[in-house]
Amino acid sequence: MAKMDEKQEKMWAMLCHIGALAGFIIPFGNIIAPLIIWSMKKADSPLVDDQGKESLNFQISISIASIVAWILIVIVIGVPLLIALGIFDIVMIIIAGIKANDGEKYRYPVNIRLIK
């Protein structure tokens, strides 16, 4: 596999994060898009490998929190939680995408590290 130049490496690392926005359009797109990008490009770049895992772990964490919030709709607190989670997810994805595009290994503030 061909080694990426620095510009391509940063772009693919950013796409690992930004691809998660697909979850607002396609069910589970927040996990599927980063998984596809990471799977295709992880061998070509240590930065893409690192940021792909980070993005996947964060999106899995957000999905778990969303499931809990959906359950809590029964006691009304779930609706504000879902709204807050959606806003938090969008903001963190954008921040992570910008940092990755700058070549930084971004770490989300809240993340369950399932994929190592």
Q) So Ile60 fits all but one of (1) among the aliphatic types (A, V, I, L, M); (2) surrounded by fewer than 16 Cβ atoms within 10 Å (Cβ to Cβ); (3) in contact (Cβ under 8 Å) with a residue 24 or more places away in the chain; what number is the exception? A) (2)
Q: Can you run down the residue pairs with Cβ atoms below 8 Å, 6 or more apart or on separate chains, where the first is in segment 71-82 and in a helix (DSSP H, G or I) and the partner is at pLDDT 90 or above and polar (S, T, N, Q)?
A: Leu82/Ser66
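Let's see how each residue does on (1) outside any loop (DSSP other than H, G, I, E, B); (2) at pLDDT below 95; (3) surrounded by 18 or more Cβ atoms within 10 Å (Cβ to Cβ):
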residue	(1), (2), (3)
Gly23	yes, yes, yes
Ile26	no, yes, no
Asn30	yes, yes, yes
Ala43	no, yes, no
Glu54	yes, no, yes
Q | Residue check, Ala65 crowded, with 21+ Cβ neighbours inside 10 Å, assigned to a helix (DSSP H, G or I), of a type in the set (A, V, I, L, M, F, W, C) and without any contact (Cβ under 8 Å) to a residue 24 or more places away in the chain | A | no
Q: Answer with yes or no whether Glu104 is on the phi < 0 side of the Ramachandran plot, of a type outside the set (Gly, Ala, Ser) and surrounded by fewer than 17 Cβ atoms within 10 Å (Cβ to Cβ).
A: yes
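The values are calculated or read from the model by the stated rules, or taken from the named source; none is laboratory data. Bear in mind the structure is a predicted one, so any value in this text is a computation, not a measurement. When we count neighbours, we look across all protein chains shown, and the Cβ atoms used for this are built from the backbone with ideal geometry, even at glycine.
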